[in-house]
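The values are calculated or read from the model by the stated rules, or taken from the named source; none is laboratory data. Keep in mind that this is a model prediction, so the values were computed, not measured. When we count neighbours, we look across all protein chains shown, and the Cβ atoms used for this are built from the backbone with ideal geometry, even at glycine. With ligands, DNA and RNA removed, areas are computed over all heavy atoms of the protein, side chains included. Shrake-Rupley method; radii C 1.70, N 1.55, O 1.52, S 1.80 Å.
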Amino acid sequence: MDNIELLMPAGNIEKMRYAFSYGADACYLGMVDFSLRTMRKGELITKDNLKIAVDEARRINKKVYLTLNIFSYDDDIKKLYENLEIISDAAPHAIILSDFGIYNTVKKELPNIDIHISTQTNTLNSEAVRFWRDLGAKRVILARELSMKQIEKIRNNVPDVELECFVHGSQCMSYSGRCLLSDYMTRHERKANHGGCAQPCRWSYKLLEETRPGEYYEIVEDDKGSHILSPKDLCLIEYVKDLKNIGVDSIKVEGRTKSLYYVSAVSRAYRDVLDEKISPKSGYYELLKVGNRGYTKGFFLGNNNSDSYSYDISKGLAGADFLGIVLEKKGDKFKVCFKNKVSLGDEVEIITPSYTAGAIVNEILNESRDDNNIANTNDEAWVQLTEKDDNLSATLWQKEWNWALLRTPGIKNCKLNYEIKTECTVCE
């Protein structure tokens with residue numbers, strides 16, 4: 001392909017639509033029975049709406065890849081056979097898989113659909129890439145444990161197959177995601193490689209001295225806490241042009257369980273850097289505004305170490321709060337589904353696929369409560385927004401109001417230990 005593909009997660013159809021609007025070239029999504037991410041909200045991808053999602057993408061010249069990347073048992077293969085007709089009818093642009101049984105089934109029964117080899121196969125070398133190519137795979141998604149030099153060597157050694165690399169999002173502490181912690185610690189009720197990971201690597205741990213039952217001691221790592229297994233999030237936004245230059249075909253963002261705001265904001269940041277609308281430094285500043293556990297380059301520079309782990313937190317912190325989704329427009333008022341509390345007079349930031357504008361909330365019409373000075377989480381209320389200044393973006397954002405999202409302005413904190421070499425004035 002001429003341009004590197006920006007591949008975003010789509011946990012449901014709504015997120016897919018926003019990802020495409022905010023700059024994604026393709027989305028990967030999973031049917032509920034065959035995905036490594038078990039979704040709980042939104043219009044989930046099922047056998048009844050898979051074709052709807054794929055058709056929507058095709059109408060706007062985008063691509064959809066279906067994930068069938070669980071490690072399967074015989075019952076799963078049987079269930080896959082029961083869904084083959086549905087998958088064939090939907091005709092996704094490719095199927096992402098890791099299991100040999102699923103590979104054989106898809107290759108035999110769905111010969112017209114491209115196959116992408118999942119990162120779960122921990123493909124680390126040129127011979128492994130050739131192996132998958134020779135079996136008929138169109139694309140290999142390389143393991144996160146590779147450096148840029150190793151990726152470039154694989155590209156040079158095997159030029160006739162597509163390569164995909166992760167560039168952003170949560171990381172598994174186990175090799176290429178092959179983890180049994182969740183299976184073990186939930187008595188096999190939540191299998192990590194079957195879509196139900198409980199994320200025990202994000203738990204806080206304590207020591208128990210076996211001869212003194214009931215006496216617990218916190219595990220301390222450099223006085224930062226006890227999250228000893230929790231990696232920071234990957235962020236390679238300053239290297240996406242390098243990946244393009246060495247011939248990588250697709251860059252991928254993790255996060256099918258992340259919010260609609262996360263998918264939108266991350267899509268736009270990477271899209272704008274790829275299109276050279278903003279610098280990598282500015283793109284990184286935008287990424288500070290979405291939830292993360294601190295950022296790391298992981299193995300990419302060949303020097304992964306203990307600084308890649310987030311010892312003091314397990315949940316992501318965001319520099320900006322997601323405030324709401326614009327639903328309707330009537331005159332100068334906008335109906336918003338609020339995701340966090342907003343009060344009259346609050347300063348907000350409006351983002352759309354192309355623009356960012358600062359604004360003040362100068363009117364709230366909230367029919368669900370008597371107080372029209374406030375909109376709480378999950379309220380739907382009409383608001384009037386006054387732009388803070390007369391710059392171009394402050395007026396043009398309304399052309400894309402139907403994709404507009406609201407968040408708090410600026411960076412509210414930079415508590416996390418960010419690795420990227422950039423000057424962030426709010427961190428000084």
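Points to keep in mind about this one:
- Annotation: per residue accessible area for region 1-155 equals 44 Å², rounded to a whole number [probe 1.4 Å, protein chains only].
- Length available on full extension from ASP75 to ASN125: 0.36 nm per residue minus the Cα-Cα distance, which gives 14.8 nm.
- Whole-Hz Karplus values for region 121-127 come out as 7, 6, 7, 10, 9, 5, 5 Hz, taken residue by residue from phi with 6.51 cos²θ - 1.76 cosθ + 1.60 and θ = phi - 60°; glycine and proline positions read x.
- Two-site FRET efficiency, ASN156 against GLN384, from Cβ-Cβ distance with R₀ of 51 Å, rounded to 0.05: 0.35
- Extension gain for the segment ASP48 to ASP332, taken as residue separation times 0.36 nm less the Cα-Cα distance, is 98.4 nm to one decimal.
- Surface accessible to a 1.4 Å probe, per residue, for the residues of region 331-388, Å²: 47
- Approximate spin-label separation LYS108-LYS241, in nm, with each point projected 7 Å along Cα-to-Cβ: 4.9
- Protein accessible area in region 16-157, 1.4 Å probe - carbon and sulfur %: 45
- Once C-alpha pairs closer than 8 Å and six or more residues apart are averaged by separation and normalised to the residue number of region 18-149, the relative contact order reads 19 percent.
- Remark on region 65-173: hydrodynamic radius 14.6 angstrom, per the Kirkwood mean of 1/r across alpha carbon pairs.
- Projected onto their three principal axes, the Cα atoms of region 85-140 cover extents of 35, 19, 19 Å, largest first.
- Taken over region 1-138, the percentage of Cα pairs per 5 Å bin, counting from 0 up to the bin with the maximum distance, is 2, 10, 20, 23, 21, 14, 8, 2, 0.
- Sites ILE360 and ARG58 - FRET efficiency at Förster radius 35 Å, r taken between beta-carbons, to 0.05: 0.30
- Among the listed pairs LYS62/LYS399; LYS138/LYS252; LYS258/LYS341, no Cα-Cα separation exceeding 27 Å is found.
- On region 223-304, 46 percent of the accessible area sits on carbon and sulfur atoms, based on a 1.4 Å probe.
- Considering only region 65-176, percent of DSSP beta bridges that pair antiparallel, nearest 5: 0
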